[in-house]
Amino acid sequence: MDDFYRELIIDRYKNPQMRGELDPHDYSYEDDNPLCGDEIRIDLRVDDDSRITEAAFTGKGCAISLASADLLVESIVGKTLDEIKTLSKDDIIEMLGIELGPVRLKCALLSLKVLKAGVYGLDELEEELMI
């Protein structure tokens with residue numbers, strides 16, 4: 001089963017489905033992981049009911065970082081901003097489907113950090129993710 005998820009990660013890294021920029025956008029935020037240099041930006045368009053109608057990401061980084069961004073951004077289209085707030089690191093780990101050590105976990109969680117910081121603010125996010 002791990003081989004399937006490894007193939008998924010490589011495929012999403014090489015052929016991201018959600019890569020791009022939204023201009024105009026309602027929410028946008030970018031951040032990096034200073035330990036490894038990964039950088040992610042996420043743009044969102046939201047309707048009057050606070051539901052995400054479009055989402056895209058840009059960035060550079062390792063396969064884990066970019067694959068998790070692609071999977072996360074794909075998963076949030078159609079969700080409300082309140083539903084995004086409930087996403088956790090366990091959701092990212094489940095999307096990736098492999099065990100991650102502490103360093104790779106930071107790579108995988110960068111997109112979640114960017115998403116939540118853009119919508120709710122960085123202080124609340126750091127407390128929630130304990131980073």
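The values are calculated or read from the model by the stated rules, or taken from the named source; none is laboratory data. Computed from a prediction, not measured in an experiment: that's the story for all the values here. All Cβ positions, even for glycine, are placed from backbone atoms using ideal geometry, and neighbour counts span all protein chains on display.
For the reader, a short list of remarks on this structure follows.
- Among (1) at pLDDT below 85; (2) among the aliphatic types (A, V, I, L, M); (3) within 13 Å of the chain's Cα centre (by Cα) - the single one L125 does not satisfy: (3)
- In segment 26-58, the residues that are at pLDDT 90 or above and among the polar types (S, T, N, Q): S28, S50, T53, T58
- Only one of N15, N33 that is surrounded by 17 or more Cβ atoms within 10 Å (Cβ to Cβ) and either touching an Asp or Glu at 6+ places or on another chain (Cβ under 6 Å) or of a type in the set (S, T, N, Q) (or both): N33
- Considering segment 85-110, and only residues there that are touching a residue at least 60 places away in the same chain (Cβ under 8 Å) and part of a loop (DSSP other than H, G, I, E, B), the residue that is surrounded by the fewest Cβ atoms within 10 Å (Cβ to Cβ) turns out to be G97.
- Within segment 60-84, being assigned to a helix (DSSP H, G or I) and closer than 15 Å to I40 by Cα holds for A63, I64, S65, L66, A67, S68, A69, D70, L71, L72, V73, E74.
- Criterion applied to D82, D49 was being loosely packed, with under 15 Cβ neighbours inside 10 Å, touching a strand residue (DSSP E or B) at 6+ places or on another chain (Cβ under 9 Å), touching a residue at least 24 places away in the same chain (Cβ under 8 Å) and of a type in the set (D, E), and the one residue passing it is D49.
- Scanning segment 59-79 for residues that are surrounded by 16 or more Cβ atoms within 10 Å (Cβ to Cβ) and among the β-branched types (V, I, T) returns I64, V73, I76.
- Selection status of L8, in contact with a strand residue (DSSP E or B) (Cβ under 8 Å, 6 or more places away or on another chain) and closer than 16 Å to S111 by Cβ: no
- Selection count, segment 3-51, where residues are among the hydrophobic types (A, V, I, L, M, F, W, C), within 13 Å of the chain's Cα centre (by Cα) and outside any strand (DSSP E or B): 1
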